[in-house]
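The values are calculated or read from the model by the stated rules, or taken from the named source; none is laboratory data. Predicted model, so just to flag it, every value in this text is computed and none were measured. Every residue, glycine among them, receives a Cβ derived from its backbone with ideal geometry; neighbour counts consider all protein chains shown.
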Amino acid sequence: MDEEIHKLWWVFPGFKIEKMITGLDLPVNLAFVKEPTSKPEDVLLYVTELYGNIKAITNDWKVHTYAENLLNYEPNYEFPGTGESGLTGLCIEPESGDLFVSMIYEEDGEMKNQLLRTKSKDGLKMHSKETIIKDIPSIKAAHQMQEISIGFDGKLYVNVGDGMIKPEVAQDDDDLRGKILRMNLDGSVPEDNPKKDSLIFAKGFRNPFGAIWRKSDESLYIADNGPAYDDRVARVQAGENYGWPESMRTNSIFWHNLSQGITALDFMQNEEFPYEFDDELFVAFFGGSYQKGPGIKGKNIIKMKLNKDGTAINSYDIFVKYTGENAASPCGIAFGPGGLYFTDLHGEKDGQMHKAAGNIYKISSVVKEEGEIIVPYTKENADRCICPGCPTINECMKNRNEHLFCARGKTDCEMEKKGCLCGECPIGSEYNLIDFYYCSEGAAKQGKR
Ligand code: SF4
Ligand code: SF4
């Protein structure tokens, strides 16, 4: 474990943090290839750098320049301010390995948004690019076209900010700003979009920076930046209005009263962490722009559990928190092989007008010492637990999919004891558990049965 890195970042007990890459120039979002090979020279992930570069990182953690100088204007490293826009969203088309990226560009003295599709023969170097959509107005400061995702339906979903200066456009059905767009991979309008001949899938967003698809309900979740209040997470449904500029809470599942600079989000849904974290949502809060030190706003990644229906349980845990002295802060996050990875936009270099300081970190679970836990929280044990048939299990516990209390500890739901089945459970016998009612009392106890 690298002690220096652990002085810069506090991480949740049972996890460690490692620096995988340094020297990136404002790394924003990262995306892992669908099925990485074991060959050191093959691509593992891509990263967008805000000022117009895309880096390909191979399995041996070497950095390759996939594309560079994609911006057609001179960015200026001004944070906060006009330095905050550029090339941001990134998504890999799983079949071809092509990339979709979102960015702003200058035309006739005006800033606009565009979405590109890039191709490569070996995955390491772009050899062609085409524009999928363009001409959506923007400015050189924020609220641009952000994250892109491909849904379980094979369509492309594109988060577009409101452009900042006229937030009312988020409610205008003839304006693509402040919307989540849904399109075919060539940018054409799918026949089953909510409104005929319109790319608009949902409206009423401010600056929807992050997007992720949740397997368990096959839904799109987005992170949307509030003004000074109400950063939010929302589950996006066809034809729905999410309220901005009147409200950031409309149809949201979670909001933070004091804005923390919400950026990216991802679900733990491919066993990168122990099973007890299955389907938990991880959300990055960037904090204030170029805020130095640990700061009172953001500079952390939180984790929270959602109910099966996508509503939020009204609490969260800090999972990662910056504790150093510089402007480092988490921006993009993505689960990948063996853990959660995040970009650190500014890194540890002091001073604003600089390049090549950003990092990629990995957070992974530390294997617990033998004997420290009585009942491991594994899928296999969860499947054998007979709590789901117990009379004490109530609607709240069911809705949160809670069981295996001997491993996970007691519930936060209000509950009434109506009998306990632990004494009849094969796990109780296997581990010689005694005393029971673990949903109410917590920690499992071993003894002579
Ligand atoms: S711990 Fe015991 S009382 Fe609680 S739900 Fe499981 S079997 Fe029922
Ligand atoms: S001992 Fe009780 S809490 Fe543990 S797995 Fe069995 S029924 Fe579930």
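Residue count for the stretch 329-345 satisfying the condition of being surrounded by fewer than 24 Cβ atoms within 10 Å (Cβ to Cβ) and either outside the structural domain of Phe285 (by TED's automatic domain parsing) or in a loop (DSSP other than H, G, I, E, B) (or both): 2.
In the stretch 408-431, the residues that are closer than 28 Å to Ser315 by Cα never reach a residue that is part of a helix (DSSP H, G or I) and of a type in the set (Lys, Arg) with C-beta atoms less than 8 angstrom apart, at least six apart or across chains. Considering the stretch 180-198, and only residues there that are under 17 Å from Asp135 (Cβ atoms) and either among the aliphatic types (A, V, I, L, M) or touching a Leu at 6+ places or on another chain (Cβ under 8 Å) (or both), the residue that is surrounded by the most Cβ atoms within 10 Å (Cβ to Cβ) turns out to be Leu181. Among residues of the stretch 403-417 being at pLDDT below 85 and within 13 Å of ligand 2 (Cβ to nearest atom), the one that is surrounded by the fewest Cβ atoms within 10 Å (Cβ to Cβ) is Gly409.
Out of Gly423, Gly428, one residue alone is assigned to a helix (DSSP H, G or I), loosely packed, with under 14 Cβ neighbours inside 10 Å and within 11 Å of ligand 2 (Cβ to nearest atom). It is Gly423.
Among all positions in the stretch 270-285, there is no residue which is in the same structural domain as Phe209 (by TED's automatic domain parsing), surrounded by 19 or more Cβ atoms within 10 Å (Cβ to Cβ) and on the phi > 0 side of the Ramachandran plot. Taken over the stretch 158-179, residues that are part of a loop (DSSP other than H, G, I, E, B), surrounded by 14 or more Cβ atoms within 10 Å (Cβ to Cβ) and at pLDDT 95 or above amount to 7.
I'd like to know if the stretch 236-243 contains one or more residues that are assigned to a loop (DSSP other than H, G, I, E, B), surrounded by fewer than 19 Cβ atoms within 10 Å (Cβ to Cβ), of a type in the set (Gly, Ala, Ser) and modelled with pLDDT of 95 or more. Looking through the stretch 236-243, at least one residue is assigned to a loop (DSSP other than H, G, I, E, B), surrounded by fewer than 19 Cβ atoms within 10 Å (Cβ to Cβ), of a type in the set (Gly, Ala, Ser) and modelled with pLDDT of 95 or more. Of the residues making up the stretch 56-89, those that are under 23 Å from Ser149 (Cα atoms), out of contact with any Phe, Trp or Tyr (no Cβ under 6 Å at 6 or more places or on another chain) and part of a strand (DSSP E or B) are Ile57, Thr58, Thr65, Tyr66, Ala67, Leu87, Thr88, Gly89. Scanning the stretch 380-407 for residues being touching a residue at least 24 places away in the same chain (Cβ under 8 Å) and more than 10 Å from ligand 1 (Cβ to nearest atom) gives a total of 7.
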